[in-house]
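Values quoted throughout were computed directly from the atomic coordinates according to the rules given, and no laboratory measurement underlies them. The shown structure was predicted, so the numbers you read here are calculated from the model rather than taken from an experiment. Here the Cβ positions follow ideal geometry from the backbone for every residue, glycine too, while neighbour counts run over all protein chains shown.
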Amino acid sequence: MLPRLLVRLGVAGFIVAIVVLLVATQQQEPTSTPSPSRTLSSHEEARVEARATRRTASRPTVQMLGKYPHDTKAFTQGFTVVNRGHDKIFIESTGLNGESTLRHVEIETGKVLKQYDLPQELFGEGVTLGPNNELVMLTWKSKTGLVFDLKEDEDGKADGFTLKREFSFDTVTGEGWGITFDGEDYAVSDGSSTIMFWDAKTMKEVGHIDVSMYNGAQKISQINELEFAKGFIYANVWYQPYILKIDPETGGIVTMFDLSKLVADAGVDVSSGAVLNGIAYDEAEDVFYITGKLWNSVYKVRLIDPVQ
């Protein structure tokens, strides 16, 4: 298990790195300022406009597309979208002892349509949809994973879930945080800088990466909620308003999306634990749904990365 000091240093280093990156993105390439005694020629105007366009286009952006209700009592731990033809729902896992649940949620209204209550002793964590219509949910310190069958009604629409089995797991910290499925293996976070990969059948580790910046020089700890999309792992860092786009082969951070404006719009007291902690990718529309613990809204956004 990583020492608490290392975790704190990891967060401090991350914050310093964030400040450096944000300052860098605000710096504009130098341009020659025309003398007040003359105006720009049409050619010079075109050059200045082109430079401005490049500067804007080179920054990762968060495009707001919509906003939906969310249960303000939901201590969100995991978040995913399930598409069944014209039927689209959220699967959400929530935490806290005695309050942990797995939920089937209607997107447009935020209404909980189906709910499974975890036993008092289990603190719910991340959830993802894997092979064979199975939902895999982690718990925090119990080292217990839960596998549910995602049920369907006669029309093929998602219709709740049935607990299928439990399994034991271990991680670097001994905890379970976030989980996602990359099409072959499960990717799992535990609050450290490590993301482990589990075999989808055995739930045993088959590899791992360390999330880092500056070609591995700065590891980033407290990696939390995970979502696999378009060949990359998207993750948030506990208590930070950023989503990281991570190379699943190296652990290197490809892009960082700043969601500070979205957190501000949510109007939550982050210090109370109401942090960003829900990332769900909808492949059908190429959009993300973002929420957080105890938030009153789910945000539909497009994360635009000029690097791709």
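Which shape class, rounded, prolate or oblate, goes with region 249-308 when its Cα gyration tensor gives a ≥ b ≥ c as root eigenvalues, a/c under 1.5 marks rounded, and past that a/b bigger than b/c marks prolate?
Here region 249-308 falls in the prolate category.
Rounded to the nearest 20 debye, what is the charge dipole size of region 61-304 about its Cα centre when +1 sits on each Lys and Arg Cβ and -1 on each Asp and Glu Cβ?
With only Lys, Arg, Asp and Glu charged at Cβ, the dipole is about 460 debye.
Please compute the net charge surrounding W238, taking Lys and Arg as +1 and Asp and Glu as -1 over other residues with Cβ under 11 Å from its Cβ.
Neighbour charge sum, excluding W238 itself: 0.
Amide H to amide H distances under 5 Å link V275 with K293, where only residues 5 or more positions off or on other chains count and H is placed in the peptide plane.
Using only the Cα atoms of region 61-304, build the gyration tensor, take square roots of its eigenvalues as a ≥ b ≥ c, and label the shape rounded, prolate or oblate: rounded if a/c is under 1.5, else prolate if a/b is larger than b/c, else oblate. In terms of gyration-tensor shape, rounded.
Placing +1 on each Lys and Arg Cβ and -1 on each Asp and Glu Cβ, with no other charges, gives region 51-198 a dipole about its Cα centre of roughly 960 debye. When only alpha carbons are used to place a centre, region 196-214 and region 272-286 end up 21 Å from one another. Entry for region 53-173 at q = 0.13, 0.15, 0.18 Å⁻¹: log10 I(q)/I(0) = -0.57, -0.71, -0.93, Debye formula applied to identical alpha-carbon scatterers, no solvent contribution. All other residues whose Cβ lies under 13 angstrom from that of V147 are scored, Lys and Arg at +1 and Asp and Glu at -1, for a net of 0.
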